Every structure is written in C-alpha cells, then in structure tokens.
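Comments concern the structure below.
The values are calculated or read from the model by the stated rules, or taken from the named source; none is laboratory data. Here the structure is a predicted model, which is why all the values come from computation and not from measurement. So basically every Cβ, Gly included, is an ideal-geometry build from the backbone, and we count neighbours across all protein chains shown. Only protein heavy atoms, including side chains, enter the accessible area calculation; ligands, DNA and RNA are left aside. Shrake-Rupley method; radii C 1.70, N 1.55, O 1.52, S 1.80 Å.
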Amino acid sequence: MASHMAARIRDPADWRRLRCSVRRVPSVAVGATELHYERRGTGPPLLLIQGLGGNSLHWGEPFLCALEQDFELLLYDHRGVGRSAALEGAVTVPGLAADALALLDALALPEAHVLGTSLGGMVAQELALAAPQRVSTLTLGCTSCGGTQSKPTAPEVVQRLTAAVLSRDRERMLRTGFELVVSRAYASEPAHYAAFAAAAGQYPASVSVLLAQQAALEAHDTYARLRRLRVPTLVIHGSADELLAAINSDLVASLIPDARLELLDGLGHLFFWEEPQRSAELVRAFALSA
C-alpha cells in the first residue's frame, strides 16, 4: 500500500501534508497517573507544554507542521486533560513540571528544547529551575513569574471567564475563551472562530480540572529564583494579550540572565495560533542557533 501511495505522491508538500495527517498517540505511566503523548517530526527533541485547559491539539496544525520540519516534537496532555488519565488530587505547577521531567525520563531523553506557553510557561520555568541540565533551550510564551511583582489578569477578564465556565454552557465557554485568547482583529473573522472551536471542542477539560489548574496558576511564584537560571531563554508575548499583560514577559526576561524578549505587535495571548509560521520561525531560529 505504501509503495502505491509513494507512486502517486510527487510533490514534497504532499509528503508533508501526509505526514501531518498520521498520528500515534501512546501513553506512559508517570508517577501515579498516565499521560498521553505524541512524537512527530525529525530533529532534536522539542517538548511543548500547554496552558490552562489546553491539550496537544490546541497548538494548531499549522504551528506544529512548521516546527516538525526541524524538530522531533514531543506533545503531551497534562494530567486530567485531553487523553491523559483523570485528575486525582490537587494540581501544582512544580508537580506538573515533575510530570514533564518524568516523561523525558520515560522516553530516555537526556535533554530537550522546551517551549511552554501561559500556564505551560510557568511549568517550563519550574522544569528549567529543577533540572537545567535537561533543558537545551527554553522558550516561554505569554506567561508570568507570578508573585506580587507580576501584573495579574484584569478583574473584569477573570469575572467574564469565570462566569462562562460556571455557566457550563460549552458554546459560551468556547466563544468567551476565543475572544480572550486572540486579538480583537483576529477574533472578528468568523472562519477563525470555526477553526478554534473545532480544536477546542475535542477532549474539553472539565470545570473541576480548570479550577484546579487555575488554583495552581495563582500559587505560582518564581520571581525570586529566575535570576539563578542559566539556560538560553527566549520570551515571547503578544502586545494585545488581554488575558495576561505583556508587561509580565518584560519582567520574566529581565530576571533571567541574557534572556531575549520578542514582543509581537498586535497579537493576542495565543500568538502561535494567530501567526503560526512567524511563531515557529522564532522558536526554530532561537533553538537551533543557541
């Protein structure tokens, strides 16, 4: 069958599309839980850590297909999220970082480039602090160091998001979430919402998991520890982020020695969803040059 398919496919772009359509989603035991993960692409390993309520589908195919040309991507779902085992007990950011490290151990990867966004960026900070020798480069997107020095999400945004979650109206949750994680200009295009809803509608996180992750996010604080981090670091943030102000990335970049800051003008929280090619190139260029 493969030989017949090969005979029909002549354009390299068709090979890329075919490869992007093939998925293996195995699972691995991590501590007292089980995480679903996926490996795709070729090159040095790149571990991607999702944000609050996000699973591996929420990176978006355009972003992943751009990255897998240069990296072997390691995607996974946090405990209680996506296709991973149900959540039992509380969630902490250091605990989620321990899960990520255990996943690298289980896959016999001595080190990897690491990309974490939002809550995933907080997890990536804890991972790099706990095991810097396992992190080749660190890319932190739309995130914060927490603590009293950071700028919290605006109360009106929290209220709007909380009301949508507690309504348990899935469409309202999706629509509200979309409008808060992308720029207003991007949200104004109906086709953009349709693509986002298609991804977000698969394996949605439960309200209890969202609240548990939110509690972990609020307790996060690496402010006093980032100055001792010695890992090549790129910090990326959209200037139009309504969910988490870009000034938080200014602070993170100022704390980590020699960190580089990229502020993407006009983009929202999920900058990699709005401009996947540009975002992938930033990650690629930084990781491969460092």
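Summary table
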| quantity | calculated |
| --- | --- |
| Residues that are open to solvent by less than 20 Å² (accessible area, probe 1.4 Å) and part of a helix (DSSP H, G or I), drawn from region 46-76 | 56, 59, 63, 64, 67 |
| Selection from region 167-187 of residues that are modelled with pLDDT under 95, assigned to a loop (DSSP other than H, G, I, E, B) and on the phi < 0 side of the Ramachandran plot | 169 |
| Odd one out for residue 179, checked against (1) open to solvent by less than 40 Å² (accessible area, probe 1.4 Å); (2) within 22 Å of residue 274 (Cα to Cα) | (1) |
| Long-range neighbours under 7 Å by Cβ, at least six apart or interchain, first residue part of a helix (DSSP H, G or I) within region 190-213, second exposed (fewer than 12 other Cβ atoms within 10 Å of the Cβ) | 207/168; 212/90 |
| Some residue of region 146-166 being modelled with pLDDT of 95 or more, surrounded by 16 or more Cβ atoms within 10 Å (Cβ to Cβ), in a loop (DSSP other than H, G, I, E, B) and under 16 Å from the mean Cα position of the chain (by Cα) | no |
| From the options 278, 230, residue that is part of a loop (DSSP other than H, G, I, E, B), open to solvent by 10 Å² or more (accessible area, probe 1.4 Å), basic (Lys, Arg) and farther than 15 Å from residue 119 by Cα | 230 |
